[in-house]
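Okay, so here's the structure we're looking at.
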Amino acid sequence: MIIRKSPREIEAMKKPNALVAEMHRQIRPMMKPGMTTWEIEEFVKKFAKENGAETSTVGYKGYKYATCAAVNDCIAHGFPSKEPLKSGDLVTIDTVLDVGGWKGDSAWTYAIGELSPTAEKLMRVTKECLDLAIEQAVIGNRLGDIGHAIQSHAEGNGFSVVRDLVAHGIGRAIHEEPSFQHLGTPGRGPRLKEGMVFTIEPMINEGTYEMYVEDDGWTARTKDGKLSCQFEHTIAITKDGPLVLTQQ
Ligand code: MF3
Ligand code: CO
């Protein structure tokens, strides 16, 4: 069942989501060669504490950290690491915060130093996929319209869309219905209604969409070792159009 949120509930969801956005604003200048994702993890834990938020991924299905850190061929759910980042790395930081029982979720990819032209293009196209998808998030459209916007733009630029990890409803729980792939056919799938709140989080790959999960049970990587990129917002469907709750 898709839980629709009342205007008051959406109001309450603004807090954790705005905090995740603020966290991303603050880590942006830290994402430089020599930095480690372990230091980002430490910063995020401190940031959450100082702002009265809980870090929702700690203890979630056995996950141990407040952030997921996905470097280069890592698609998602990478563990924070003490390995220094280097120029040319493409790093996604994904965090879920909770304030008052409500969740906010946003992942953002950062360029470390100078990127290759391919990495640069992948990053641009992935962000465009998210923006085009959000434009489709209006009452009366369907989830297939969102998926199609992402798939057509990614594939039209020679990239691929990860199939095995999905977008999700969010509210009191990190993962609610609906869960949906970032692919689709226009006019298909559940209709978007006022009060729905979900993430849109396209993971776009330079090469194949195929992935594998490491023996740690979490770290998802591209099968061909090529780059992956991701941008994620939490949005609410409102009468006035899509409300991007994690807008930075
Ligand atoms: N942001 C992640 C998501 O989109 C939250 C779960 S990460 C996990 O699903 F590692 F804790 F699972
Ligand atoms: Co998410």
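Taking the Cβ of ASP131 as the centre, find all other residues whose Cβ is under 14 Å away and add up their charges (Lys, Arg: +1; Asp, Glu: -1). Could the numbers behind the result be given before it?
Values: positive: ARG124, LYS127; negative: GLU128, GLU135, GLU201, GLU232.
Charge balance in the 14 Å sphere: -2.
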- Message: Quick check on packing: order 2-15, 161-174 by the mean number of other C-beta atoms within 10 Å, highest mean leading.
- Response: 161-174, 2-15
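Mind ordering 218-230, 114-126, 97-109 by average Cβ neighbours within 10 Å, highest first?
Numbers: 218-230: 20.3, 114-126: 16.2, 97-109: 22.2.
Output ranking for 218-230, 114-126, 97-109: 97-109, 218-230, 114-126.
Only helices at least 24 Å long along their own axis, judged from Cα atoms, and with Kyte-Doolittle mean hydropathy of -1.0 or greater: name those in the chain from DSSP H. Provide the component values of the computation, followed by the final result.
Numbers: long enough: 7-27 (30 Å, -0.69); 117-135 (27 Å, -0.06).
In the chain, the long hydrophobic H runs are 7-27, 117-135.
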- Message: Using a Debye calculation, one point per C-alpha and no hydration shell, please list log10 I(q)/I(0) for the range 7-244 at q = 0.10 Å⁻¹ in order.
- Response: -0.43
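Taking Cα pairs under 8 Å and at least six residues apart, what relative contact order does the range 7-244 come out at, in percent?
On the way: 580 pairs, mean separation 50.0, N = 238.
This gives 21 percent for the range 7-244.
Starting from the Cα coordinates of the range 119-248, work out the convex hull volume and express it per residue in Å³. Could you put the intermediate results ahead of the total?
Details: hull volume 14.1 nm³, N = 130.
Enclosed volume per residue, from the Cα hull, is 108 Å³.
Nearest 500 deg cm²/dmol is fine: what mean residue ellipticity at 222 nm does the chain get from its DSSP H runs of n ≥ 4 alone, each adding -39,500 (n - 2.57), divided by its residue count? Mind dumping the intermediate values first?
Numbers: 4 runs with 68 residues, N = 248.
Rounded to the nearest 500, the figure is -9000 deg cm²/dmol.
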- Item | Under 10 Å, Cβ to Cβ, from THR55 - net charge with Lys/Arg +1 and Asp/Glu -1 | -1
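Bear in mind that the values in this text are calculations on the coordinates, not laboratory data. Because the structure is predicted, anything quoted here is derived from the model rather than measured. Methodologically, a virtual Cβ is constructed for each residue, glycine included, from the backbone with ideal geometry; neighbour enumeration extends over all protein chains shown.
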